[in-house]
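Novice: Could you have a look at this structure, given as structure tokens, before my questions?
The values are calculated or read from the model by the stated rules, or taken from the named source; none is laboratory data. In this text the structure is predicted, and so the values were computed from the model without any measurement. Virtual Cβ from ideal backbone geometry, glycine too; neighbours counted across all protein chains shown. Quick note on the areas: whole protein, heavy atoms, side chains included, nothing else; ligands and nucleic acids left out. Shrake-Rupley method; radii C 1.70, N 1.55, O 1.52, S 1.80 Å.
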Amino acid sequence: MTQISLLGHELRVNDKSPVTEGARRIIDLDKGLLHRYRDKLSVEGDLTRQLVSFQANRERPRYRWFKYKEAFSVSLVDYLLRRFSITSGVVLDPFAGMGTTLFAVRDHNIECHGIELLPIGIEIIESRSLLEQGLTVQEIDTLEEWIVRRPWKNSHVRVCLAELRITGGAYPSETKEAIERTLGAMQAESERMRKVLMFALLCILEKISYTRKDGQYLRWDYRSGRRQGTRQFDKGVVAGFDEAYGRKLREIIDDTAYTGGNRDLFLPTESRSCIQLMSGSCLEILPKLTAGSYSAIITSPPYCNRYDYTRTYALELALLGVSEQELLSLRQQMLTCTVENKPKALMDYPAWECALRAADQQPVLQAILSYLDTERDQKRLNNACIPRLVRGYFYEMSCIILECARVLTNNGFVIMVNDNVRYAGIPISVDLILSDIAQACGLTTEIILVLPNGKGNSSQQMGEHGRESLRKCVYIWRKNNAY
Ligand SMILES: C[S@@+](CC[C@H](N)C(=O)[O-])C[C@H]1O[C@@H](n2cnc3c(N)ncnc32)[C@H](O)[C@@H]1O
């Protein structure tokens with residue numbers, strides 16, 4: 001185990017942000033916190049970024065269907081289950097995404113429950129669960145026919161593709177027409193087949209569009225006709241609908257295993273424990289779960305980095321029928337991580353008082369918040385809502401951490417993947433601040449696994465503050481017996 005050096009973070013400021021007393025105070029407090037946690041931080045040579053991130057799933061059957069780039073990898077979940085000897089009970093992921101924890105834990109024959117708010121995440125998990133329940137021979141033949149006969153080509157029924165303000169012009173006109181005819185042709189199929197066909201369509205939207213999910217943005221090809229300034233790019237050849245859709249259907253069929261010789265059902269090869277998905281916000285669902293019912297929580301919340309899932313997945317949300325109004329409400333319900341999020345009414349729930357107090361009393365967090373408030377008042381932030389974003393993130397996470405502690409069995413683990421961030425030149429040790437808040441919520445930090453190569457700043461901040469490595473970590477907290 002390599003221990004991390006105690007150098008602490010550097011300040012990176014520019015002419016707009018002079019090194020103020022407030023900034024120096026943060027660095028001193030941060031060093032103190034780092035000193036307290038120094039024995040817990042361990043740089044893990046094995047945990048490369050590639051092993052942890054979605055990269056490792058790219059070629060993996062079933063996980064490769066939909067490129068959910070914010071996902072972590074199956075290999076990481078396998079590694080964590082082994083390393084922390086999680087072999088029984090029920091595991092929970094309150095930010096389930098595309099369901100990596102759910103399916104990977106289930107493959108170890110452990111029951112797993114997930115919570116997810118974003119309709120595309122929910123759709124991926126439901127579709128995969130349906131496919132793994134088994135398809136009849138007739139259903140497989142139907143899919144094969146779709147690949148060979150391409151019924152959308154001569155479908156007389158055309159269903160208008162719903163658009164959101166931010167998705168207009170996303171596809172070449174012939175692709176848009178092919179999508180609409182596909183939606184029309186699907187109407188002749190059973191409900192189960194429609195679900196699979198729709199899923200395959202969702203899986204290829206990025207590929208056949210003028211967009212690319214890139215870092216924090218949905219970037220637009222210059223041919224889309226959208227004015228996006230520097231975010232416009234040349235995507236090169238945009239995949240044609242017929243081939244992309246046929247290939248995706250083929251991949252789905254190939255990845256869904258046959259049971260030996262029995263063509264009646266596509267059945268999973270191993271015996272399966274159960275998966276349960278709860279749709280909605282974990283801030284609303286967690287308080288309804290029974291105390292002491294989970295043996296471990298393995299999760300990765302959104303990072304505090306302005307990444308907007310509702311924009312990145314706008315094409316998929318539009319196809320799923322999310323309206324303009326629903327999109328706004330979804331954005332607000334998500335864990336605060338964009339400058340648009342407004343404060344949530346956390347104080348309305350009395351049981352969270354202790355979590356809010358833990359955040360109120362965390363000295364580094366409070367120093368950061370007051371520094372950011374001052375920077376905003378001095379008009380030195382590139383967006384005046386950054387203090388609100390950082391405040392919302394930590395206060396909501398505090399409530400979620402308290403709930404995680406409540407629903408865990410004694411000695412149960414919370415395992416959380418997250419990144420540190422930087423705002424206005426100030427590094428924010430999300431790992432240590434959240435670990436300290438977790439302590440106040442009854443969770444002891446066992447170890448913080450640090451990925452060997454940290455990450456730089458977000459693209460907006462690179463120009464101003466240069467690149468200094470920020471820790472990307474996996475936190476391991478354990479519920480205190482006494483709590
Ligand atoms: C980093 S991703 C998790 C990816 C997941 N580990 C995987 O491998 O697929 C974070 C997820 O949290 C979800 N999320 C954000 N706010 C939420 C909330 N309030 N309740 C439930 N899920 C939420 C996002 O939609 C996103 O899918």
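Novice: Amide H neighbours of residue 276 under 5 Å, at least 5 residues apart or on other chains, H built in the peptide plane: list them.
Specialist: Those qualifying (amide H under 5 Å, at least 5 residues apart or on another chain) are 112, 113, 114.
Novice: Specify, per residue and in Å³, the volume enclosed by the convex hull of the alpha carbon atoms belonging to the range 135-255.
Specialist: 119 Å³
Novice: Among 384, 148, 411, whose Cα sits farthest toward the positive end of the charge dipole of the chain (+1 at Cβ of Lys/Arg, -1 at Cβ of Asp/Glu, about the Cα centre)?
Specialist: 384
Novice: Using the Cα centre of the chain as origin and beta-carbon charges of +1 (Lys, Arg) and -1 (Asp, Glu), tell me which of 45, 355, 220 is placed farthest towards the positive end of the dipole.
Specialist: Checked the options; the winner is 220.
Novice: Moving on to the next point. Points 7 angstrom from Cα along the Cβ direction at residue 255 and residue 82: gap in nanometres?
Specialist: Reported label-point gap for residue 255 and residue 82 is 2.3 nm.
Novice: Taking 0.36 nm per intervening residue step and subtracting the Cα-Cα distance, what contour gain separates residue 351 from residue 55 on full extension?
Specialist: Extra length from residue 351 to residue 55 when fully extended: 102.6 nm.
Novice: Roughly how many percent of the accessible protein surface of the chain is carbon and sulfur, given a 1.4 Å probe and a whole-percent answer?
Specialist: Carbon and sulfur atoms account for 49 percent of the accessible area of the chain.
Novice: With a bin width of 20 angstrom, please list the P(r) values of the chain as percents of all Cα-Cα pairs, from the 0 bin to the one holding the largest distance.
Specialist: 22, 54, 22, 1
Novice: Structure shown: which of 213/248; 176/344; 207/288 lie over 28 Å apart, alpha-carbon to alpha-carbon?
Specialist: From the list (213/248; 176/344; 207/288), the Cα-Cα distance tops 28 Å for 176/344; 207/288.
Novice: Do you know the relative contact order of the range 135-255, to the nearest whole percent, from alpha carbon pairs under 8 angstrom that are 6+ apart?
Specialist: Relative contact order comes out at 28 percent.
Novice: Next question, about the same structure. Kindly sort 397, 347, 278 by accessible area of their heavy atoms, largest first, with the probe set to 1.4 Å.
Specialist: Output order, biggest surface exposure first: 347, 278, 397.
Novice: Next question, about the same structure. Can you compute the FRET efficiency between residue 165 and residue 481 using 1/(1 + (r/R0)^6), with r the Cβ-Cβ distance and R0 = 51 Å? Round to the nearest 0.05.
Specialist: For residue 165 and residue 481, the calculated efficiency is 0.45.
Novice: Still on this structure: Farthest toward the dipole's positive end in the range 322-371, which of 345, 329, 365, given Cβ charges of +1 (Lys, Arg) and -1 (Asp, Glu) about the Cα centre?
Specialist: 365
Novice: Related question: Report, in debye and to the nearest 20, how large the dipole of the range 135-255 comes out about its Cα centre when Lys and Arg carry +1 and Asp and Glu carry -1 on their Cβ.
Specialist: Taking the Cα centre of the range 135-255 as origin, the dipole is about 680 debye.
Novice: Report, to one decimal in Å, the Kirkwood hydrodynamic radius for the range 357-434 based on all distinct Cα pairs.
Specialist: When all Cα pairs of the range 357-434 are included, the Kirkwood radius is 13.7 Å.
Novice: Taking 7 Å along the Cα-to-C-beta vector as the label spot, tell me the residue 126-residue 373 distance in nanometres, rounded to one decimal.
Specialist: Result for the modelled spin labels: 4.3 nm.
Novice: Restricting to the chain, compute how many DSSP beta bridges are antiparallel as a %, nearest 5.
Specialist: Details: 27 of 47 bridges.
Bridges in the chain are about 55 percent antiparallel.
Novice: Do the sum for the chain: with -39,500 (n - 2.57) for every DSSP H run of n ≥ 4, divided by all residues, what is the mean residue ellipticity at 222 nm, to the nearest 500 deg cm²/dmol?
Specialist: Using -39500 (n - 2.57) per qualifying helix, the result is -12500 deg cm²/dmol.
Novice: Would you mind working out the magnitude of the charge dipole of the chain relative to its Cα centre, with +1 at each Lys and Arg C-beta and -1 at each Asp and Glu C-beta, to the nearest 20 Debye?
Specialist: 960 debye
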